[in-house]
Each structure stands twice: as structure tokens, then as C-alpha cells.
Amino acid sequence: MSGPSSGCGFLMSVVVHGDLALSEQEKELNQRLRSLYPAVSDQETPLPRSWSPKDKFSYIGLSQNNLRVHYKGHGKTPKDAASVRATHSIPAACGVYYFEVKIISKGRDGYVKYMGIGLSAQGVNMNRLPGWDKHSYGYHGDDGHSFCSSGTGQPYGPTFTTGDVIGCCVNLINNTCFYTKNGHSLGIAFTDLPPNLYPTVGLQTPGEVVDANFGQHPFVFDIEDYMREWRTKIQAQIDCFPIGEREGEWQAMIQKMVASYLVHHSYCATAEAFAKSTDQAVHEELASIKNRQKIQKLVLSGRMGEAIETTQQLYPSLLERNSDLLFMLKVRQFIEMVNGTDSEVRCLGGRSPKSQDSYPGSPRLFNSPVHKASSSQTYQTSTYYIHKFFFSASIGKKNILQKSGLLHQKKTFLVPKSTCFLAAEVEMEVDHFSNGVSESSSNGFLNGSSTHGIDLEELDSAQSKRQLCGGSQAAIERMIQFGRELQSMSEHLRRERGKNSANKKMLKDAFSLLAYSDPWNSPVGYQLDSIQREPVCSTLNSAILETHNLPKQPPLALAVGQAAQCLSLMARTGSGSCAFASVDDYLH
Amino acid sequence: MACLLEAPLRISVLSEVTATSRHYVDRLFDADPQNVLQGVIDMKNAVIGNNKQKANLIVLGAVPRLLYLLQQSSSSLELRTECAVVLGSLAMGTENNIKSLVDFYLSYYCLLCSDLIFIEACLRCLRTVFISPVTPVQLLYTDPTVIPHLMSLLSRSRHTQEYITQIFAHCCKVASWQSNLFFSIEIIEHQTVLFNHGAIQNIAPLLISPSDKVRMQALKCFSVLAYENTQVSMTLVNVLVDGEQLSQVFVRMMQRDKPIEMQLTAAKCLTYMCRAGAIRTDDNCIVLKTLPCLVRMCSKERLLEERVEGAETLAYLMEPDVELQRIASVTDHLVSMLADYFKYPSSVSAITDIKRLDHDLKHAHELRQAAFKLYASLGSNDEDIRKKITETENMMDRIVSGLSESSIKVRLAAVRCLHSLSRSVQQLRTSFHDHAVWKPLMKLLQNAPDEVLVMASSTLCNLLLEFSPSKEPILDSGVIELLCSLTQSDSPALRVNGIWALMNMAFQADQKVKVEIVRALGTEQLFRLLSDPDTNVLMKTLGLLRNLLSTRPHIDQIMSSHGKQIMQAVTLILEGEHSIEVKEQTLCILANIADGNTAKELIMTNDDMLQKIKYYMGHSNVKLQLAATFCISNLIWNEEDGSQERQDKLKDMGFVDILHKLTQASDPNLCDRAKTAMQQYLA
């Protein structure tokens, strides 16, 4: 999220200095809002950023980017009261929401009644002070009373006047609200608040001026500290959540999930070891897992031709029945040819690969977040984080680890590296966790190569002198020929099965690579990134599993996806605790 | 018959138990060291979690033998370590167990051994012994080599850090109610010993230790070191831990996601540093962090113990600072939050849950006294806050019943609270009178310990102020005798309060009351008080005299019976080495005497006194000049009998010239006063 004027140039900023300051402020605002309310989706539920020029009474004047409010009515009777609401209501996904109002002037002397600061729902009369009507809540400066949808106030806090900073905090978890004065919490003012309230101020004295801070500036009150407390509370709640009546059931379920996950992604050595140590049956032949692993490795290292061949050999009818999948694989093969990594072009004298596994990782999960060069690590650790998510979601991770047999398993199988494991804080050791197991395992099946890191570096350094199809003329010709075959396959498919826009786009994007002299640095160059092999790999893996009547997605991934979905549903239905329970927190 | 049968049976069971226990002890005396070792290990396994077994072994004399084995350098390290472990385990039992283990401290020199596991086992035992309330703290300080050695062991391991800081934290600790002089001197001594051995430099880095336990114990250690200790506090503010100021480290430990114990202890550290003058009361780390943190500790969500400590610490923090009191009074509804402290045991707990009732009962006194203390501190300066407190539900009733509670701590805190509120004129006139607080207060004054007496009599002083409606009923209850006896106390604070109350009582009082005061006090005691070493006592005694000598008939009456002594006392004070305030007050008494009809003559006939007045009229201090001039002015006042003669005499003595000079004085009051006096001559 960059500032809106980020592209509009140097000249502008020289001419209108104010605009530069504005964009700086905007940047600070965005930054602060993002760090305070990370769970809020700004597209779905925008945060309040200023007062609304549309949602106000006529006696209200706005200035300074709609942050300053002044009163321009007569201020003789309560009938002259006037309010303004913020541009948007407070999203539940904030968990805890906070804004501050600084009293620039309490208005002309001699007027006894003045401002109220608070919250109101959309549609509440703006010719009133906050708090006087239904679904309206306010803290008034003249008497320090709180008004909870009523014309009569309750004694609440001190009075406030020029120079004071009044803050209003809405807790969307327990639906309460408290105010602050000059950085000091005044205690709960309202309970049982309805959802979708807007920050609101009301004035009724000539000369009254107040400034809002929706995050443009640092707050006087330490709201982060308050949020920390609630984050801890929510997380403790999750950690202490009761998990089934019978001891062991939960453990067995976790073990099953872990095992199925390992099998799904064909970590056969680990899966075998885990199953053994936790006394489980694996629902797939070991040979079958190994086959899948082989295919996946080929895909991920960019050797698509071999991958397709092997698939056809091992699962003869799979690609025949699933022509879209085959098409996708072939398109990927084309891309790999351009890249110079596919076996068909490599053997034609292109750049010889440094290692057989030029792509280190394994299939990436569902919507795994970061795509970095160090993907092998990211991937494996994130796998681990998923484990951790489920473990810590129950009691304490160590406990569960022990129960699930994972810790036990580690001791058994990680003996060669046991020194670091005995420290058992678990953290990054996972890296060894998958690699290490296989190294010491007897069947010689590697889950990945231990030289990945080096490999990647070399690839990276080679990137500057990358050449089409590895620079071999014969390879280029083979690639062009393959492109033609692909084109005809596409036409054939269309004739047989009708139009398929996804296929069409896929092919178009792939062919577009040839339009650039340096495809790697072209707008379509992303396709050449090894990360793009992952969706292909997981689609193929899922298809193979389906033929064996096994789930397309591992239950673990499904559960993580469900948890994420559940959180966004909570945000939509107004459960504020979703703010402090992000799935990512548990995957870290 | 049944009884007869049962008794021997019980004995046999007992002997069986001791027989197995004896077996364990016997093995400690085996000739083969290997058997001894196995015996100790078996004993270790037998006593874990078994208090009865522990008690048996102690009775059978296992401790001295274990100590002996532990201290023998000929014993194998393994054996010595196991002995330390068993002793540590025995110490974990009941208080009686600890008592028998107190001697363990003697074996501290075992710590000279270099084996870490052995040292840790010894320290664990030592720690358990020292954190027990039955162990005299003094033990740690008897041998001057112990502390330096412990300091040197700090760096050995996380465990040594944890145990040693825990020992230190318990060895200059004193329960807050033992706040009398003797204890505080001792605490400061202990703090200083630890300070001089580099406790701060050695322990500060532990505040960022990766171990939670070490961090917590280090923090506790600082909280006890800094308590009422300026030297330690001043050093603490300048300590850097990993480039960060210590106060900032403490602030981080108060973050709301930290364990409550850590937040509370960090807040204590900052509170003590602030009270010792090392941190300003308007520093953000106090105003925006420590104070709100302590208010949070008072909330209903906290454990009862935490609420007690939170309230006491907060009361201590803001006691001297009205701004902090104002902020606290509006923070998180503190005033009404404290009202909850009086609701234990709650009616619910009584019915539903015996365990909870027991827990509530145990803390009920503590909670009440903490709340009273905090109310006292909150209301000590600001009238609005006092009003808010007295308007809190049933507050006055609670204070009144608190005054007669069985727990002395609660009584003391309640009277402190009452005292704080009694500084309000409005409250004296209204709620104090409505609730007849003087009654329990008077009762409290009979046979109370000095601490309570000081507070209660101080409160009484305020209740005896002239505008207080409680003054009359108190007078009728025979308070004068009580106050007079207070003036004879050894405690200066009590003497001040006694005489102060009498002074207030005499202000604009009836002749009858005044006579009664003079009679009950006795002139002898009055003059003893005039030579009291405590200036406060002297000032209030002069104040009493001045109040007694108001209105003309009273002046004449008292001067006719005690004139000689009073004039003597006045002379003595004017001639003595006293502060300006004392002399001013004395001159004012003289001025009052000069206002009497017959009393005047006591001055007019005393040329020495007149010379003194003359001297003070020419004094460099305006206040004294003013008081002396006032006196002369009274003497020469026209409308009274014999004024002409007095004017003449004083004129002859040169007073007119002085008055004339004073009419040119730069001080407008003095100038006015002199002019008024001069007019008497003109009329």
C-alpha cells in the first residue's frame, strides 16, 4: 500500500509542499492502521480515516483534510447541537479500536454546554449530541457524564476542556467502550454495544474546535499495550480450549493428520517413521508414495518431460482421462524449455544443470504466504508451523508433541543430530527434521537434497547470463517445434471439448515469453520462476491421489484453510476476537 | 475397653513407621561408603512429597548426620551432592522441618567446592531455608564472607542465579506492617551490605536473562533493595542493561501481556525509586506507566493478594504528590473499584464454597486495610477527591466499623483514612458529624498502641476545630484528661497532637473550658512543654496560651492566677535561642496580655519586658516588629482606664520615636499598625 501520490513525481512536491506533507501523513496513517489492525481487510471493511463531509449536520464545518471539526451554529439551545460521523464504521476485525480527539477550543465563554465525543450507528439524528438517542453513545465535556442512548447522563469521568486529548476505545470482543483523558484510562463507560458504530463528535457552542486523530499521529494513550493484553487473553483462551472428553482421542487425531500430511506430500521416509512410532496404518502403499515423490521431484526440478513420461508409465490412464491436466503439464514443459531446464532441451547441449535437483523444494501448500528465493526453507518450516498450529492450539506444544509421539519420534530418528534436538525448543530444527530423517533412514529415499541452498545460489548467480533454452540452437528449435505441437493440441482440445478460457490464457501467457529478448525480465517472466512449478506439482499430485480414492488435499491443509476461513467469517459477523487469532501467528 | 485396645495398637503402628525410618537413618552410619550413598539415595526417594516421612527422619536425627556427611571433604562428591538434595527436600516440608534445618546455613562453605551440580543442590537447599519466614534473616549477614561468595557464584548457571537472587530478595525483606524504626534500620543495613558487594551490577544483567525465573527473582531483588533506600535508588536509575536504562527495562516488564507478578514487581521497583527521589513524580514512566499499572492491579480480575499489594504500593507511590492523586482518582473508576475490597467474604462464597470462604476470610482484613490506606493517600490533599470518597457507597459506615475492628492493621488504616478525610472542612461539618465518627475514635484512643494513637489523636485535632460540630460532644466525653495525658508521652508526635488538640479546643472556647484545660494540664506541665525539645510542641503550647489568653475577661482571669509564671515563661523564651516563629508567637501572647484590663499592668510594671518589646520593634524581621508594635498599640489604647499614664510612660521610654520611625516603614502592614498606634497619642 503505497501512498497515492507515489508515482506523481518530483515536480509536484516542489510546487506544493503541503501535498508532500500530506502524503507523508497519509503514509504514516496507513502504516499505523496496518500495524494496529492487521486483521482488517481494507477492501471489505475500510477503516475510518476522517470525518465524513456527507454524514454531518449543517452546523458542522470541516477543514484540514476533514480532520478538524468546528461549530458554526448559534449554540443557544440543545436544538442547535450538531454532530459528524466518521467516513466508515468500526470493523469488528479490529478487535480493539481506538481514536483520539484533541480539544482545540472549548468555544466561546459563557456557554455552559459543550461537546460530546463518542459513537453512533448510521442514521442516528445528526442534529443531536452523541449519546442522546438510541444507538448513540457519548462522553460530554461540560459535566464529565456518559450518555448511553439517553438524554440523562450518568456520572462517569472528569470534565474536559481546551488542550485536553480525549480518546475513545471500542473493544469489539466484549462490546464495551472506555475513554481516556490525556493518556489515562477512565474505565468502562458502556457495555453491550451494538455492531457497526461510527466514531462521532458533537458540538454546540460557537467557536468550538476539535481535531481528530484516527491514526495520523501517535496516540497519547498506549493503546498497543491494551491490545497486547487482549491478544494474550484470546491466545490463552485458544490454548486452554477444551479438546474432547476422552484423553488420547485428540492425540490420535493429530497423529492421523500429521501422518496423512506427510503421506500426501510423499515424505515417505518421515511418514513411515512417524507411522511406526505412533502405531498407525498408512493408507497408501509405500511404493505408491515413492512413485508420487519421484514425479513431484521431477516437476519441481523443472524436468517436465520426464515427469509426464513417468506419470504416463506409472498411472497409464490418468493423463488420458484428464486432458486438461495433460495440457497444463505440457504448457509447463514448454515454459521449462524456454527456461532451459526441461530434460528434452538439456540433453540437446544446453546449460548442464549443476545438480539433478535444480529445484529444491517440494509442493507448496494451499495458499502459503511468502514466496522467497529461500523457498526450501520457507516451505519446510511452514510445514512445521502447521504442525505447531495444531499442537499449540490444544494445550502446550511440548505436551502435545510428546503425546502425539512427535518428540519421541525425533529422539528415535534424529539421533545423528540429537544434540540440537534435545534442547527441544523445536523452532528451526524442523529444517533438519525432514531432511535429517531421510539422511539417516535406511531406504535411501531423500525427501529433498541437502545441497539445496548452494544450488539455489548458483542458479541465482547464473541468472544474469541466462539464455533462451540454455543457449543451444538445437534446443530452441526443439522448443519451437514443441510449441507448435502444443498449439495443435490446444486446437484439438477446443474442437473436442469446447472453449476453455483458462487453457487459452495459459497458452497465450506461455507463448508471450518468446516475445521478449530477455523473457526472465519481461512482464510475463514470472512464469519462469521455479515457484510456478508448485501449483502444477500439487495439481498433478492431487490428481494422482484422486485416482487412488485419496483426498485431493491433506486434512491438515484443509483444517488450516478452514481456520482461516472461519476467522474471516468471524470478522464479517462481528466477532472481534478474530483480530487476535490469526492463523499466521500459529504458523510462525 | 475399646480405648484400651486401641491405644497399644496405635503405638505399634507408630513404632513400625519409625522402624522403617530408622532403617534409613541407620544406613547413614554404615561403614561402607557405597552403602551410605545408596542409603542416601533411597532416603531421597522416600521423602519426596512425604511430609510425615520427613518429620520422622528429622526426629530420628538424620539432619546432623547428613550435614556431617555433606561437610566431610572425605565424602565422595556424589554422596555430598545427594546429601544436599535430601536436605533440600527435607526443607521443603513444614515450618518445623525448616527450624531443624536452619543450621544448614553453616554449611555455606561447601559452596567453595567447584562442582556445579553440588553447588546447585546446596543452593537449592539454602534457598528453601532462607525463604521460610521462620529463618532469621540475620543469618545471611553473620559471616561477612558469605555474600561475596554468593555474588561470585551468580555467573555459574541459571540455577545459581535463580537461587541466589531469591535468597537476596528474602534477606532484606520485611512485611510492610513492621514499619517501625528498628526494622527499617535493619533493612537499610542489609540493603547496604548487598549494595556494597556489588548487588546492582551483578544482578542487573539478569533482568534480561532468557530464563523467566531468573528475570523474576532479579526483579524481586531490586524491589527489596530499592525500598526506602536513596542510595540504591539513585544508583539504579543510572544503570544500563544492554544499553538500555533500567527504568525502561522495568517499564517493559509492566507491559500488559507480561505475567501479573512481573508487572506488579516492576511497578514496585519504579515506585520505590520514585519515592526515594531517584525518579520525578511527573516522569512519564511514573505517570503513564507505573500508576496505571498499579490501578490495574486493584481491579476485580486480579487475585486478592495482588489487589492488596497493588493498592498498598499505589498508596505509597502517590502519598506525597497531589497530581498523582488527582490522576489516580479518575483512572479506571479507582474510587468505586476500591469499594469492592470491603465485600469479602462475599455472601455467595459463604454458601457455595467452603474453600473459597476460607480464602476470602483470610484476605478480608488485608483487603480492607489496603483499601483504607489507598483512600487515605488519595484524599490527603484534594477536596474534590475527599468528597468523591465520602460519597462512595457506605464509605463512612465502613470507616466507623473499621475503627473498631479486631485487626490492629485495619484499625490503623481506617484511622489513617479518617484522618485524611478530616482535613476537609466540609466533611467535618457534614459526614463526620452525621456518622458520629468521634465516638469510635474516642474509644480507639483508650489503650491503643502508639502508631494508632498518633493517627487517632491527629484526627481528633481536626475534629476539635472550632467549626466542627463534633467538638461539643467530644468535650462532654472527658477528652481533656486524655489529651493532657498525651502531652506527657515519650513520643514527640503524641505530645504535639495532645497539645495541638488542646490548642484547637481552647480556640474561642468558654471560660469554663479554658479553666478546665489549665486545671487539668497544670501549670507545671504547661511550663515543661514550653521548654520541650521539640519545636512543634513548643509552638503548639504557645498557640494554646494564646488561645487561652483571648477576650479580655479571660485574659485578666488567667493572668491574675498564673500571671507570674506566664510572664516568666515569656521572658525566658524571648531571651532564649528560638526561631522567628516561636518569638513571633510569644510576642503575640504578650500582645494579648496587653489587651487585658488588669493584665496590662504585668507588662507596664515590668521595665525589662518593655525594653524587650522595644528591641523587637527595631528588629530586622518585619513579623517580629509587627507583633511588638501590636503589643504597644494595645498598651496605649485610648479608650481604656489609665491609658494616659501608660502613654506617658512609654513616651518617656522613647516608644513614640520608634513608632514614628515605623510609620515610614516599607512594609505597608507595619506602617499602618504604627500609624494607628500614633493616633492614640493624637486623640
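The values are calculated or read from the model by the stated rules, or taken from the named source; none is laboratory data. Because the structure is a prediction, the values reported are computed rather than measured. For neighbour counting, all protein chains shown are included, and Cβ atoms are generated from backbone atoms with ideal geometry for every residue, glycine included. Remember, those area values only see protein heavy atoms, side chains included, never the ligands or the DNA or RNA. Shrake-Rupley method; radii C 1.70, N 1.55, O 1.52, S 1.80 Å.
So here's what we get for this one:
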| read-out | value |
| --- | --- |
| Protection-proxy order for peptides B:411-422, B:42-53, each taking the mean of Cβ atoms within 10 Å per residue, highest first | B:411-422, B:42-53 |
| Separation between Cα centres of region A:51-102 and region B:341-410, rounded to whole Å | 43 Å |
| Theoretical FRET efficiency, 1/(1+(r/R0)^6), r = Cβ-Cβ of B:His23 and B:Tyr68, R0 30 Å, to 0.05 | 0.95 |
| Overall form of region B:29-93 per C-alpha gyration tensor (a/c, 1.5; a/b vs b/c) | prolate |
| Degrees between helix B:354-378 axis and first principal axis of chain B (Cα, 0 to 90, nearest 10) | 30 degrees |
| Under 18 Å from the B:Asn394 label point (7 Å along Cα→beta-carbon), backbone N, region B:363-381 | B:363-373, B:375 |
| Mean accessible surface per residue for region A:22-221, computed with a 1.4 Å probe while every protein chain stays in place, in Å² | 39 Å² |
| Karplus 3J(HN,Hα) series, Hz, for region A:517-534 with 6.51 cos²θ - 1.76 cosθ + 1.60 (x for Gly, Pro) | 6, 10, x, 5, 9, 9, x, 9, x, 4, 4, 7, 5, 4, 4, 5, 6, 5 |
| Two-site FRET efficiency, B:Glu575 against B:Glu481, from Cβ-Cβ distance with R₀ of 41 Å, rounded to 0.05 | 0.75 |
| Peptide-level mean, for B:327-337, of C-beta atoms on other protein chains within 10 Å | 4 |
| Calculated FRET efficiency for the pair B:Glu228/A:Ser105, C-beta based, R₀ 60 Å, to 0.05 | 0.85 |
| Table column - 3J(HN,Hα) (Hz), region A:120-127, Karplus curve with 6.51, -1.76, 1.60, x for Gly and Pro | 8, 7, 4, x, 5, 3, 8, 8 |
| Inter-label distance, nm, simple model (7 Å from Cα along the C-beta direction), A:Gln481/A:Asn125 | 8.5 nm |
| Environment charge of B:Asp556, counting only residues whose C-beta is closer than 11 Å and scoring Lys/Arg +1, Asp/Glu -1 | 0 |
| Coarse-grained scattering of region A:47-126 at q = 0.13, 0.22, 0.24 Å⁻¹, given as base-10 log I(q)/I(0) from a Debye sum over alpha-carbon atoms | -0.44, -1.17, -1.34 |
| Region B:558-682 shape via C-alpha gyration tensor axes, a/c threshold 1.5 | oblate |
| Chain B: angle of helix B:668-682 to the longest principal axis, Cα-based, in degrees nearest 10 | 30 degrees |
| Sum of side-chain charges, A:Lys106 neighbourhood, beta-carbon under 11 Å (Lys, Arg +1; Asp, Glu -1) | -2 |
| Peptide A:179-189 - average C-beta neighbours from other chains (10 Å radius) | 4 |
| Acute angle (nearest 10 degrees) that the helix B:33-47 long axis makes with the longest principal axis of chain B, alpha-carbon atoms | 60 degrees |
| Two-decimal Rg/Rh across region A:22-221, once Rg and the Kirkwood Rh are taken from alpha-carbon atoms | 0.93 |
| Residue mean of other protein chain beta carbons inside 10 Å, B:646-658 | 0 |
| Lys/Arg +1, Asp/Glu -1 at C-beta; region A:22-221 dipole; positive extreme among A:Phe190, A:Val165, A:Leu203 | A:Leu203 |
| Point-to-point label distance, B:Tyr615-B:Arg423, nm (Cα→Cβ direction, 7 Å offset) | 3.9 nm |
| Gain upon complete extension [B:Gln248, B:Arg158; 0.36 nm per residue less C-alpha separation] | 30.1 nm |
| Whole-Å semi-axes of the ellipsoid equivalent to region A:163-225 (Cα gyration tensor, √5λ, descending) | 21, 16, 11 |
| Three principal axis lengths of region B:193-303 [C-alpha, angstrom, descending] | 41, 32, 25 |
| Convex hull projection area averaged over all views, region A:175-307, Cα basis, nm² | 17.3 nm² |
| Amide H within-cut-off set for A:Ser52, under 5 Å, with H built and near neighbours excluded | A:Arg85, A:Ala86, A:Thr87 |
| Amide N proximity, region B:517-542 versus B:Glu466 label position 7 Å along Cα-to-Cβ, cut-off under 20 Å | B:517-518, B:539-542 |
| Cα Rg, Dmax, region B:430-566, angstrom units | 14.4, 45 |
| Entries of A:Lys233/B:Lys258; B:Lys514/B:Lys583; B:Lys362/B:Lys443; B:Lys600/B:Lys649; A:Lys256/A:Lys276; B:Lys268/B:Lys300 with Cα pairs more than 18 Å apart | B:Lys514/B:Lys583; B:Lys362/B:Lys443; B:Lys268/B:Lys300 |
| Reach of B:Lys213 by Cα under 14 Å, taken over aspartates and glutamates that are not fewer than 8 positions away in the same chain | B:Glu162, B:Glu261 |
| Shape call, region A:495-557: gyration tensor on alpha carbons, a/c limit 1.5 | oblate |
| Heavy atoms of A:Ile188: accessible area, 1.4 Å probe, square angstrom to 10 | 80 Å² |
| Between B and A, accessible area buried - total, square angstrom, nearest 100, 1.4 angstrom probe | 1300 Å² |
| Directionally averaged shadow of chain B, computed from the convex hull of its alpha-carbon atoms, nm² | 41.5 nm² |
| Probe 1.4 Å, protein heavy atoms only - accessible area per residue of chain B in square angstrom | 44 Å² |
| Gained length - A:Asn65 relative to A:Gln565, 0.36 nm times residue gap less alpha-carbon distance | 176.4 nm |
| Spacing of the two label points (7 Å from each Cα toward its C-beta) at B:Asp340 and B:Lys52, in nm | 4.2 nm |
